[in-house]
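Accompanying notes for the structure given below.
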Amino acid sequence: MQRVMHHQVMGRPLGRASIVGGSSRVSSRHLIYFLLFFIFGCGTSVDQRQEEARIGSYNQDSTKVSKAQLIMMYSGFATFADGLMGPETRDTLKEFQMSRGLPVTGYIGDATWTELMKFEQQEGPFTVERLQWGLRNSGFDPGSIDGRVGGMTLQALSKFQQAKGLKETGRLNPESWAALQSSMPP
């Protein structure tokens with residue numbers, strides 16, 4: 001025979017509990033909390049939900065990720081523009097957010113995207129294809145114009161910097177971007 005105990009707090013019953021089987025019923029309040037948690041985010045942050053709305057969560061819009069990566073590289077942060085939202089990009093996003101006084105989440109929420117777009121408004125469209133065309137039109141082979149900053153693009157950028165007397169970093173920076181502007185498509 002199973003022994004059932006009634007728990008009380010301040011003289012009010014909390015419900016029935018079994019020594020063997022645990023709680024015998026779920027309160028409607030707990031069910032409501034569970035449903036609210038499930039419907040409104042399952043523990044995700046506002047920035048995470050905004051990022052998923054902007055670039056997707058599984059089938060990510062790699063052009064937007066590449067754009068963010070390219071702008072961060074331009075801003076002096078060590079990252080690659082591979083179009084993938086991996087751990088290195090998340091860490092770079094956190095550094096970028098910290099440097100701009102934004103909430104440090106590692107996600108591209110609205111505030112972070114707005115800050116990234118300020119660079120684009122000042123310097124023109126940031127796309128990897130534009131960078132690659134600028135290098136190719138300047139006589140430096142970035143490999144295929146594929147929207148990904150791979151080894152050939154970085155090597156071409158480094159050679160371009162050297163030929164133009166710029167600091168050879170192999171990374172996009174404001175000086176290199178400005179020098180490439182006349183060779184880039186609009």
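Bear in mind that the values in this text are calculations on the coordinates, not laboratory data. In this text the structure is predicted, and so the values were computed from the model without any measurement. Backbone-built Cβ (ideal geometry, glycine too); neighbour counts: all protein chains shown.
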Contact order normalised by residue count of segment 101-186, Cα under 8 Å, 6+ apart, percent: 27
Net charge over other residues, Cβ less than 13 angstrom from the Cβ of GLU120 (K, R count +1; D, E count -1): +2
Ranked LEU172, LEU84, criterion: other C-beta atoms within 10 Å, fewest first: LEU84, LEU172
Cα-projected label distance for SER45 with VAL104, points at 7 Å along beta-carbon direction, nm: 1.0
Residue order, fewest to most surrounding Cβ atoms within 10 angstrom, among ARG136, ARG90: ARG90, ARG136
Total formal charge among the other residues, if their Cβ is under 12 angstrom from that of LYS94, Lys/Arg +1 and Asp/Glu -1: -2
Cα lying deepest toward the dipole's positive end in segment 97-186, options PHE119, PHE160, GLN97, charges on Cβ: PHE160
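FRET efficiency for ASP91 and ILE145, Cβ-Cβ distance as r, R0 = 25 Å, nearest 0.05?
Efficiency, from the Cβ-Cβ distance: 0.30.
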